[in-house]
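The values are calculated or read from the model by the stated rules, or taken from the named source; none is laboratory data. Predicted model, so just to flag it, every value in this text is computed and none were measured. Virtual Cβ from ideal backbone geometry, glycine too; neighbours counted across all protein chains shown.
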Amino acid sequence: MIDLPETTSVYKRMPKELFYKYLNDDCISKKTFIDEIGSIIWINTLSSETTTTPEGKHVTEIAIVEIVLNRQAISHNILEIVNREIDQYAVFIVRYEEWGQVWCCDHQSLNLQTGQFNCQNYYQTNWMIAEDLMLKIDGGNLDQVYENFFMQIAGKPLPAKVDSNHKQTDEPIVKVEQSGKNEELEQLVATIKNLESQMEKEMLFGKQVKLATDLKNAKDELQQIKRSQTTHIEIQQPEIVAAQEDPAETVRSFFPNVYMKMQCKFSHYFGLV
């Protein structure tokens, strides 16, 4: 359950008409906006005044906005429209009936002339029972609070911020490649932790198998990167396409007890025992 301090409560309903000025031929149509959105409510504002957390270098406020849907789907364009009106760092709680997701954006660039953020990608949690959605305030300042929100939602660190008004300095290619690999390692480690956490909470067997497969692939990729960093040899090798793993093998690897029960049932059914 998302339980934020009472001092951060705003609960300000934002009329849908407020966003119509952003609807044009290059964006989403007014009809789609009306069909998808039931209501938009600004429910919390995290700032140095509403919390005991000081402002960060980049983040001075974080808006928590609830979007109630008329169907279980939302377009990125809608989040872009709402974010444009809010014009600050925001976390979106998206709800449909008893289901919910949490969304946020990686604000990778800041236009100092307009003061607006240019969002490149949106990330979200899986659909789950709305009451099970979690968002924990953690950090010494609001920069760190938003970074931790992003980690909780995306399962990986927030990408480094790039100032679009300054050019990046030239550095040795080897150092840039090594930095990229280190960042990829950090993202994979965070992804693995997130998948392990989801597996502990997931009750549906089918989803457990899917999570287990994703987890194994992430761990394999992590080992490959570590091996490449150890050897420091960059030789072009023909790409080897790995054979798709048998789902039964995945079940046996991660759920041996379930696998044994399945084997017993099949053997009994076909008269093998």
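Evaluated against (1) of a type outside the set (D, E); (2) touching a residue at least 24 places away in the same chain (Cβ under 8 Å); (3) under 19 Å from H76 (Cα atoms), L135 falls short on exactly one condition, (3). Testing F117 on (1) surrounded by fewer than 16 Cβ atoms within 10 Å (Cβ to Cβ); (2) at pLDDT below 75, one condition comes back false. Which one is that? Just one mismatch for F117, condition (1). Checked against (1) at pLDDT below 95; (2) surrounded by fewer than 17 Cβ atoms within 10 Å (Cβ to Cβ), T7 passes all but condition (1). Take the conditions (1) in the same structural domain as C105 (by TED's automatic domain parsing); (2) closer than 23 Å to Y123 by Cβ; (3) within 24 Å of the chain's Cα centre (by Cα); M1 misses just one of them, which is (1).
Yes/no matrix, rows are residues, columns are (1) under 17 Å from A154 (Cβ atoms); (2) of a type in the set (A, V, I, L, M):
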site	(1), (2)
G56	no, no
I64	yes, yes
I74	yes, yes
I78	no, yes
W103	yes, no
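Find the residue count for segment 59-73, including only residues that are part of a loop (DSSP other than H, G, I, E, B) and either buried (at least 20 other Cβ atoms within 10 Å of the Cβ) or not charged (D, E, K, R) (or both). Number of matching residues: 5. Of all residues in segment 23-76, those satisfying the criterion of being among the acidic types (D, E) and within 16 Å of S9 (Cα to Cα) are E49, E61, E66. For segment 36-58, the criterion of being among the hydrophobic types (A, V, I, L, M, F, W, C), modelled with pLDDT under 85 and either over 20 Å from N126 (Cα atoms) or exposed (fewer than 14 other Cβ atoms within 10 Å of the Cβ) (or both) is satisfied by no residue at all.
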